[in-house]
Amino acid sequence: MGENLSKELNLNIKEFKIDLLKNGSDPGALIPLLQSAQDSYGYVPEKVINYISEFAEIPAAEIYGVVTFYSQFRLKPLGKYIVKVCEGTACHVNGAKSIVDMLLNELGIGVGETSDDGMFSLLSVACLGCCSLAPVMMVNEETFGSLTPDKVRKVLKKYRQK
Amino acid sequence: MGITIKINNEEYDFEIGETILEVARRNGIYIPTLCNLEGTKPTGACRICIVELGKMSAPVASCSTPAAPGMDIQTESPRIRKARKTIIELMMISGNHNCSAIGNSKANLTDFMQEVIEYDGSGSICTAYGECELQSLAYKYMVNNRTLERIPTNYPLENIDPLIGRDFSRCILCGRCVQACTEVSVINAISHGYRGNVAKIVARGDKPLPDSECVYCGECLQVCPVGALYEKRSKYDQRVWDVTREKSTCYYCGIGCRIVVSTKNNKIIKIDGSDEGEPNRGQLCFKGRFGYDFLYNDKRLTKPMIRSGGKLKEASWEEAYNIIIDKIREISGKYGSESIGCVVSPKYSNEDLFMLKKFIEKVSGKTNIGHSEPYSKFKIEYSQIGEYEKIVLIGTDIARDNPVAANYIKQANLKGSEIIEINRKKTDLSKYAEIKLKDLSEFKPDSKINYLVIYSPEYDISSLEGKSNISLNSINSENNTAGAYMVGIANENFEDMKKKKMVFSVSSIPSNEFNTEFLVVIDQFGVESFENADLILPPSVWVENEGTYVNSQHKIYRMKKIVEPPGDTKSLRAIFGELLNLSGSGIKKSTPKYIWDEMIRKDLNLSDDIAYSKLKKGPVQIVDGFFKKISLKSSGSKNDRFRTHKLLCNHCEGLSVIAEKRINPGE
């Protein structure tokens, strides 16, 4: 099954497989297994959930419950550009809501989601450590401060054209 | 006096391990609960059962807090009542609980109802109205749900499933359905997903139930305290004030699960497991819970049909009887009376089967009648399965054939019983089995250990017989197989029967297998399943008749008539009572009481202890030796086990897909 899975996903399964064998069917090993899967694939694919379920004898519904409970796990791959918009105190009072609304509107996705073309993922964070620039957001490693809705549109346009 | 706790200023004894709730309930003290599900581990999820442990301590959930010596508990103090009120209010405002006008002072019922219409498309009051446990608590604690603003629902109604509707707007996340799925039926199809204010009950991948491991036992439906899970086919028919409820027995396998039949306007609209105790303790499988509306299928026959000029035409009972009597005379004259035979599926009451047998004996001069069910007996109570450390399953795919028995096995397995499966094939229970063997010869029982063996009745287990540490049990596929054996209808080799010149096929094998001159079919779906029948009679079945049945434990149950039979259908006992009279036997009456008391009991020398009137009080166990007095031919023809189950489920709305997957074909 491991071989087929790796073929189907067209991903490197080696590391994840070792962890799976090491942790065996101990139900307590579920979280390390999911972390290992996410390290290997960048997210937790549904097929991997089914695979762990069969291997570790944990119901798939229960694994799904665990994956959706912890914010560290993703069920979809992240986009090429990860937009982290700050909704911390300083940004909040400086109008972060209008920035978030603009992002939702422009990207057509919700917070925590990835656009269908795989370009953008939108995350909401509590602080980016540069409150003097509020409201602020990051796209991958680049920071954009003193944002206005219009500025947001321009930034996204720049990334779309890259 | 042992260790005690104080509840509401009175001292009560308790045992170590008992929860506060258990001590209170045992002593008749009321503590409200929502998430608590008897027989499963407490989760403490809903908090409604909180009690006071003293002014200095925060309230504790009584369902999950063990009683400890010296505890001084108050169950209805002002502080507790206030907290419960808040808990209920928070639940009420977080969903479409339109049993009351809800929302803050700005909102009104009309706006709220409009929202409900947008959500579920009906705008009707919640389907659980009048039976909802949350609603009744809201009344009890006089909850004012107009102080907080209503929170809209995150998840849309799941309407795709034909049988189970999931209304997430009414889910209070008590988790009873998850408990039922993981600890009662042990299917593990659903679990808690997400977190905080977006929490939801999810199946694999948060997909609808049809795409999950769900086997449609419907335990979740039965335990949902609110209107979040409901039987979809009768969503708004379930109004408690419109519905009549009667207890009866399931129509499918030999376990004979006790059911509660809800009817409205002479029609069954819902079936629940009856919690009166044995054999099923409230549990049911998909067949028992959802497999009832074949009664109302358009294809059901309601008038006798006679073939004339190659086509089947409606006829009166009189015409049909006359043809049968004439044909019997003609065929006995030509080939001798023993060329008349009968095959029957033991799905009919003892009274039905007895009259049928009497008639066949009368016209054929012999007991030319048989069914295809092997003889079996389940010797213990199903709830005792858990008392065995070793459970051996031989040749049986019990989770498909007798799912409720499989529930007990899985529950025992969760508590530590070991499953040994002896089967060449992979079954639904294979994944639970600690030991898997291909052949019985590989099984080497330890003489010091008690084994519970459950075998498929067509499997040869003679090598295990006569050992005191091995309890051998099997379950019939048809509900009244034991009754058929009791009234003297045994397992027959159908190959001989197929060669008879005139055959009465009563809900049994398909007609194209017969080589008769004249084939009489008695079946509710006679026209489609018996293409070359010469004459078809429409029987009334199951809850349309009163009668007695014997389950696989050999307990006799008396069943009430719950609904009126449709059209011109008649019970088998009436049909064959009339035919017997037409062929010269003076049958005085064909009421169930008369047949049981004056015919069956006299015929079989059964004592007054099981007089018809006494059976009303409850089931009676038939003594072990009894079946040996009557002939027990068990030739083991296994051509159509479960065929009737499939046929019936295929005639129920929304059940054919699951029946195709979950009912094993006859081998």
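Within the same chain, aspartates and glutamates fewer than 8 places from B:Lys499 are excluded, and of the rest, those with a Cα less than 15 Å from its Cα are B:Glu338, B:Glu513, B:Glu517.
The rule of thumb for compact globular proteins, 2.2 N^0.38 Å, goes into the C-alpha radius of gyration of the range B:382-473 0.97 times.
Find, to one decimal place in angstroms, the Kirkwood hydrodynamic radius of the range B:4-76, where the mean of 1/r is taken over every pair of different Cα atoms and then inverted. This gives a value of 12.1 Å.
Normalised by 2.2 N^0.38 Å, where N is the number of residues, the alpha-carbon radius of gyration of the protein assembly as shown equals 1.13.
Taking the chain by itself as reference, the range B:185-207 contains these residues with an accessible-area loss of 30 Å² or more in the full protein complex (1.4 Å probe, heavy atoms): B:Asn188, B:Ser191, B:Tyr194, B:Arg195, B:Arg204, B:Gly205, B:Lys207.
Measuring nothing but protein heavy atoms, the accessible surface of chain B at 1.4 Å probe radius is 49 percent carbon and sulfur.
Helix B:572-582 axis versus longest C-alpha principal axis of chain B: approximately 20°, rounded to the nearest ten. For A:Lys47, the lysines whose Cα falls under 17 Å of its own Cα, not counting residues fewer than eight places away in the same chain, are A:Lys7, A:Lys14, A:Lys17, A:Lys76, B:Lys207. Full extension of the chain between B:Asn144 and B:Ile435 gives 99.0 nm of extra length, using 0.36 nm per residue less the Cα-Cα distance. With respect to the cross-link table entries B:Lys235/B:Lys264; B:Lys444/B:Lys467; B:Lys303/B:Lys334; B:Lys299/B:Lys347; B:Lys334/B:Lys500; B:Lys287/B:Lys347, which display a Cα-Cα separation exceeding 22 Å? B:Lys303/B:Lys334, as the Cα separations exceed 22 Å there. The HN-Hα couplings worked out from phi for the range B:65-80 by the Karplus form 6.51 cos²θ - 1.76 cosθ + 1.60 (θ = phi - 60°) are 9, x, 5, 9, x, x, 4, 10, 10, 10, 9, 9, 6, x, 5, 5 Hz, whole numbers, x standing for Gly and Pro.
When only Cα pairs below 8 angstrom with a gap of at least 6 residues are kept, chain B shows a relative contact order of 12 percent. Distance between Cα centroids, the range B:442-508 to the range B:23-92: provide it in whole Å. Value for the Cα centre distance between the two parts: 50 Å.
Within the same chain, aspartates and glutamates fewer than 8 places from B:Lys555 are excluded, and of the rest, those with a Cα less than 15 Å from its Cα are B:Glu278, B:Glu381, B:Glu478, B:Asp609, B:Asp624. Chains B and A together bury some 1100 Å² of accessible area, summed over both sides, with a 1.4 Å probe. Look at the alpha carbon pairs under 8 Å that are at least 6 residues apart: their mean separation over the length of the range B:105-296 gives a relative contact order of 18 percent.
Just the number please: accessible area per residue for the range B:4-76, 1.4 Å probe, all protein chains included, in Å². About 50 Å² of surface per residue is accessible. Normalised by the number of residues in the range A:67-141, what is the relative contact order in percent for Cα pairs under 8 Å and 6+ residues apart? Dividing the mean separation by the residue count of the range A:67-141 yields 44 percent.
Loop exposure criterion: chymotrypsin sites (Phe, Trp or Tyr not before Pro), DSSP state outside H, G, I, E and B, at most 10 other Cβ atoms within 10 Å. Applied to chain B, the longest stretch between such sites is B:242-667.
Per-residue 3J(HN,Hα) values for the range A:96-103, derived from phi via the Karplus relation 6.51 cos²θ - 1.76 cosθ + 1.60 with θ = phi - 60°, read 4, 4, 5, 5, 4, 4, 5, 4 Hz in sequence order (x marks Gly and Pro). Once the C-beta distance of B:Met113 and B:Lys334 is scaled by a Förster radius of 56 Å, the resulting FRET efficiency is 0.15 to the nearest 0.05. For the range B:402-457, the solvent-accessible area of protein heavy atoms averages 48 Å² per residue (probe radius 1.4 Å; ligands and nucleic acids excluded).
Extension gain, B:Lys499 to B:Asp161: 0.36 nm times the residue separation minus the Cα-Cα distance gives 117.1 nm. Taking the helices alone, the protein assembly as shown has a mean residue ellipticity at 222 nm of -8000 deg cm²/dmol, built from -39,500 (n - 2.57) per DSSP H run of at least 4 residues and averaged over all its residues. In the range A:48-75, which residues become less accessible by 50 Å² or more once every protein chain is in place, relative to the chain on its own, using a 1.4 Å probe? Residues shielded by partner chains are A:Ala61, A:Tyr64, A:Thr68, A:Phe69. Take the Cα of B:Ile16, step 7 Å toward its Cβ, do the same at A:Asn105, and the gap between the two points is 6.7 nm.
Put simply, the C-alpha atoms of the range B:105-296 give a gyration tensor, and the ellipsoid matching it has half-axes of 29, 20, 16 Å, longest first.
Panel note: the C-alpha atoms of chain B, placed on their principal axes, show extents of 94, 65, 48 Å (largest first).
In order along the range B:216-225, the Karplus-derived 3J(HN,Hα) couplings, from 6.51 cos²θ - 1.76 cosθ + 1.60 at θ = phi - 60°, round to 6, 5, x, 4, 4, 4, 5, 9, 4, x Hz, and Gly and Pro are given as x.
Label sites at B:Ser383 and A:Arg153, each approximated as a point 7 angstrom past Cα along Cα to Cβ, lie 7.0 nm apart.
Separation of the alpha carbons by more than 31 angstrom is noted, of B:Lys247/B:Lys602; B:Lys311/B:Lys570; A:Lys84/B:Lys85; B:Lys327/B:Lys570; B:Lys41/B:Lys616, for A:Lys84/B:Lys85; B:Lys41/B:Lys616. Modelled label positions at B:Val657 and A:Ser146, each set 7 Å beyond Cα in the direction of Cβ, lie 5.9 nm from each other. Once the Cβ-Cβ distance of B:Arg81 and A:Lys84 is raised to the sixth power relative to R0 = 41 Å, the FRET efficiency obtained is 0.30.
The values are calculated or read from the model by the stated rules, or taken from the named source; none is laboratory data. All values reported here derive from a predicted model rather than from experimental measurement. Backbone-built Cβ (ideal geometry, glycine too); neighbour counts: all protein chains shown. Note: areas computed on protein heavy atoms with side chains; ligands, DNA, RNA excluded. Shrake-Rupley method; radii C 1.70, N 1.55, O 1.52, S 1.80 Å.
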